[in-house]
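Contents: one structure, followed by commentary.
The values are calculated or read from the model by the stated rules, or taken from the named source; none is laboratory data. Worth saying up front: this structure is predicted, and the values here are computed from it rather than measured. When we count neighbours, we look across all protein chains shown, and the Cβ atoms used for this are built from the backbone with ideal geometry, even at glycine. For the accessible areas, the whole protein counts, side chains as well, though only heavy atoms, and no ligand, DNA or RNA atoms are used. Shrake-Rupley method; radii C 1.70, N 1.55, O 1.52, S 1.80 Å.
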Amino acid sequence: MDFNFPQSAIFAGISALLLQTILLSSTAVSLEPYDLLYASGVEAFYRHDYENVALYMEKALSSYTELRQTKVRCRLGCNDQHPFDASFSDLAFFSAVLKRAACLNECMGSKVGQQLSMHLVSGDVVQDFNRRVPYNYLQLAYYKLNQLDKASAAAHTFFLANPEHMEMWQNLEHYKLQEGVQESHFQDREARPHQQAFTSGVKHYDVGDYEEAISFFEEALLEYGKADMECRAMCEGPQKFEEYEYLDYYPGLYKAISDHYMQVLICEHECVRDLATRPGRLSPMENYLPLHYDYLQFAYFKVNEIEKALECAWTYLLFHEGDEFITDNIEFYKEILAENNRPQDIRPRQDAERYVRRHQQELKILLMGSDSLDFVYSESNYWSTTLGREDINRVPSGTAIGVLSGSPSEKRNLAETQAGLREGGPVPYDEVQVVLGSEALNGSQRVLLDGVLSEQECSDLKSAAQTITVAGDGYSGKMSPHTPNEKFEGATVLKALQYGYDGRIPLKSAQLFYEVSEKARRTIESYFMLNSTLYFSYTHLVCRTAIQGQQSHRNDLSHPIHADNCLLDTEAYECWKEPPAYTYRDYSAILYLNGDFDGGEFIFTEMDAKTVTASVKPSCGRMVGFSSGGENPHGVKAVTRGQRCAVAMWFTLDPLFRELVSSQHAHTHTQQYTHNNTLACFGHLLRSAFH
């Protein structure tokens, strides 16, 4: 197993002895500082003292949680005990402020000790806890202690917040193979209840289990309210004023209050984003809170609770005033109620009305402060959707009860229709044949073609690959970037040209590499009937070779399930278009050079990364093409014997990103070039070769 851990300078000079000394020096302390417990756990790790690693890390996590909960309880409790007077007089206002401050000191002191400064923690440690780094240490400690159930839970918890961590992915695959480890052991120890309930609601909704879906969505709303209060309470802590030099900051009373309050208010206002963002992600789930009411209005309709369906539909309009689909649904629900002499004067939920009204009031204050104080604030569109409402929960006015249920595939097809996606265009080469389209491949924007290469062309390219490919090319030299059971080698078009010019491979083979990739590009562009030019984003000749002696009882993949332009989130059934994903990629293609190996099938899956929807057996000249987004999660099954070679191509519709190769991405190279430049370079090389 592979385990990588940071050796941070923040732990220098801190030891378990120091922790014990501090604790013994103050008998009033009732809560141990979590940063010192964490430091002791790290020191135990480097001593290979895994029992104490587990002990200190668990204590650190417990202390961290208890400190946060104490802050929330004290701040909410003191605010309730000492409300601001409605008279708005200066004395009444500051009297309440002073009483709250005294209340907080007393409350926090009774829970965590009188020396509150002991719980001030460096930004580095806070970041480690936000990134769930303690669970990285815990999973190895429990593994070494042979407590595999706890190791599996710790590994899963860490991986959810660090989905790019390939070593942890490999550890998880290892744990799944161990005797006694069950799927129930892979639980998120830091799961947020409101997101957990929402995800469960969506899963029940998608299979038509509307009663259970309603139960989970209502629970999610209750938990969301609690999480919102906690988030806001945590905003009341110390704030930083980075735009000011400390020694030059001499504010008056109201300036100081305003500066601090604006920071707090921005933090509270941004709780909308925080509550909609899953661990390990930068972007929030789109339209998150309104979607609860959208799902509920349709689910209540399906179980014939029309009054509640109408209430939730009205509530959705608080966030999206005038939404066409929901407005139609409201009229339809009112017709049903009128026909049955049932009340129609139903309004939105009051708690949602208060929530939206507060959100709007906060925005007004922030914009006013932005105009009059020295800071800039721009409102994010918290309830936005990129393609409108992708869920087809519309009940057309005047129709019968038997409406569409809104299955995942129906949602996807509607979104594609709205986006104007097409396929089935002519293939510009007579020898290339379409074998299967999207419908046969059980997805969308997918195609399988044969005849892209001849047997001789496959042989020439595979022969060139044996010379030009380098182990770990594109993955910082890691020979086995995806699985320890295979060797990975790769080469770019530029590398082929350089080798051709140097005479290390036939120049015609280098030319063939370029020509077949251009042939693939034109084929994908034509078949998917694109209205604009498709540019090369990246082209890679790759070979995967099974390592002898490591193939028995394999249960991993040659390449894990992923999407090409977004980060696949199997828990939320989402794909996040944010770094480190190559968000500018639009279409992908894999052109195979051989089929004389075992395993190595290309597979499409659902967004759960488990349910296989289509499988493609590679062979010479066969090519699979598809759109690069979350609609097409894919991977490669284990290569268990022999070598599998292919030309992997990614395309973009944005000319700014054509054949862009940057050291900032996972595919790291020293050159930057475009395919057009490559063609000009190749012409120069040809002329040089024949003079």
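Filtered by the rule that a residue be touching a helix residue (DSSP H, G or I) at 6+ places or on another chain (Cβ under 7 Å) and open to solvent by 90 Å² or more (accessible area, probe 1.4 Å), region 176-192 gives GLN187, ARG189.
Residue-by-condition table, conditions (1) touching a helix residue (DSSP H, G or I) at 6+ places or on another chain (Cβ under 6 Å); (2) exposed (fewer than 15 other Cβ atoms within 10 Å of the Cβ):
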{"residue": "ARG278", "(1), (2)": "no, no"}
{"residue": "ALA309", "(1), (2)": "yes, no"}
{"residue": "GLU321", "(1), (2)": "no, yes"}
{"residue": "GLU324", "(1), (2)": "no, yes"}
{"residue": "THR327", "(1), (2)": "no, no"}
{"residue": "MET368", "(1), (2)": "no, yes"}
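Quick grid of which residues meet (1) among the hydroxyl-bearing types (Ser, Thr, Tyr); (2) closer than 21 Å to GLN433 by Cα; (3) open to solvent by 30 Å² or more (accessible area, probe 1.4 Å); (4) not in a loop (DSSP other than H, G, I, E, B):
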site	(1), (2), (3), (4)
ALA510	no, no, no, yes
PHE513	no, yes, no, yes
SER517	yes, yes, no, yes
MET529	no, yes, yes, no
SER532	yes, no, yes, no
PHE536	no, no, no, yes
CYS543	no, no, no, yes
GLN550	no, no, yes, no
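Residues that are open to solvent by 10 Å² or more (accessible area, probe 1.4 Å), part of a loop (DSSP other than H, G, I, E, B) and under 23 Å from GLY451 (Cα atoms) within region 595-641 comprise GLY595, ASP596, GLU601, LYS617, SER619, CYS620, ARG622, listed in sequence order.
Conditions tested, residue by residue: (1) of a type in the set (A, V, I, L, M); (2) at pLDDT below 70; (3) in a helix (DSSP H, G or I).
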| residue | (1), (2), (3) |
| --- | --- |
| ILE10 | yes, yes, yes |
| LEU18 | yes, yes, yes |
| ILE22 | yes, yes, yes |
| ALA28 | yes, yes, no |
| ASP35 | no, no, yes |
| GLY41 | no, no, yes |
| TYR56 | no, no, yes |
| ASP85 | no, no, no |
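Looking only at region 464-480, decide whether some residue is part of a helix (DSSP H, G or I), at pLDDT 90 or above and under 20 Å from HIS559 (Cα atoms). Scanning region 464-480 turns up at least one residue that is part of a helix (DSSP H, G or I), at pLDDT 90 or above and under 20 Å from HIS559 (Cα atoms).
Just one of the listed residues (LEU296, LEU373, LEU337, LEU289) is surrounded by 13 or more Cβ atoms within 10 Å (Cβ to Cβ), more than 28 Å from SER200 (Cβ to Cβ) and touching a residue at least 40 places away in the same chain (Cβ under 8 Å), namely LEU373.
In contact with a Gly (Cβ under 6 Å, 6 or more places away or on another chain), open to solvent by 20 Å² or more (accessible area, probe 1.4 Å), more than 27 Å from GLN69 (Cβ to Cβ) and in contact (Cβ under 8 Å) with a residue 24 or more places away in the chain - does that describe any residue in region 150-163? Within region 150-163, one or more residues are in contact with a Gly (Cβ under 6 Å, 6 or more places away or on another chain), open to solvent by 20 Å² or more (accessible area, probe 1.4 Å), more than 27 Å from GLN69 (Cβ to Cβ) and in contact (Cβ under 8 Å) with a residue 24 or more places away in the chain. Can you tell me which residues in region 552-592 are among the β-branched types (Val, Ile, Thr) and assigned to a strand (DSSP E or B)? Passing the criteria: ILE561, ILE590. For ASP371, the conditions (1) within 30 Å of the chain's Cα centre (by Cα); (2) assigned to a helix (DSSP H, G or I) are fulfilled apart from (1). Can you work out which of the residues in region 100-138 that are modelled with pLDDT under 85 and of a type in the set (A, V, I, L, M) is surrounded by the fewest Cβ atoms within 10 Å (Cβ to Cβ)? That would be LEU120. Only residues that are more than 14 Å from the chain's Cα centre (by Cα), of a type outside the set (Ser, Thr, Tyr) and within 18 Å of PRO193 (Cβ to Cβ) were counted in region 275-295, giving 4. Look at region 69-87: where a residue is closer than 15 Å to GLU236 by Cα and a partner is acidic (Asp, Glu), sitting 6+ places away or on another chain with Cβ atoms under 7 Å, you get VAL72/GLU230; ARG75/GLU236. Tell me which residues, restricted to region 299-325, are in contact (Cβ under 8 Å) with a residue 60 or more places away in the chain and part of a helix (DSSP H, G or I). Passing the criteria: ALA299, TYR300, PHE301, LYS302, PHE319, PHE325.
Residues in region 345-363 that are open to solvent by 80 Å² or more (accessible area, probe 1.4 Å) and either at pLDDT below 90 or among the β-branched types (Val, Ile, Thr) (or both): ASP345 only. Do we find a residue being within 21 Å of ALA154 (Cβ to Cβ), open to solvent by less than 60 Å² (accessible area, probe 1.4 Å), in contact with a Pro (Cβ under 9 Å, 6 or more places away or on another chain) and in contact (Cβ under 8 Å) with a residue 60 or more places away in the chain anywhere in region 50-57? The answer is yes; a qualifying residue exists.
Taking the criterion of being modelled with pLDDT of 95 or more, touching a Phe, Trp or Tyr at 6+ places or on another chain (Cβ under 7 Å) and aromatic (Phe, Trp, Tyr), the only residue of region 574-598 that qualifies is TYR587.
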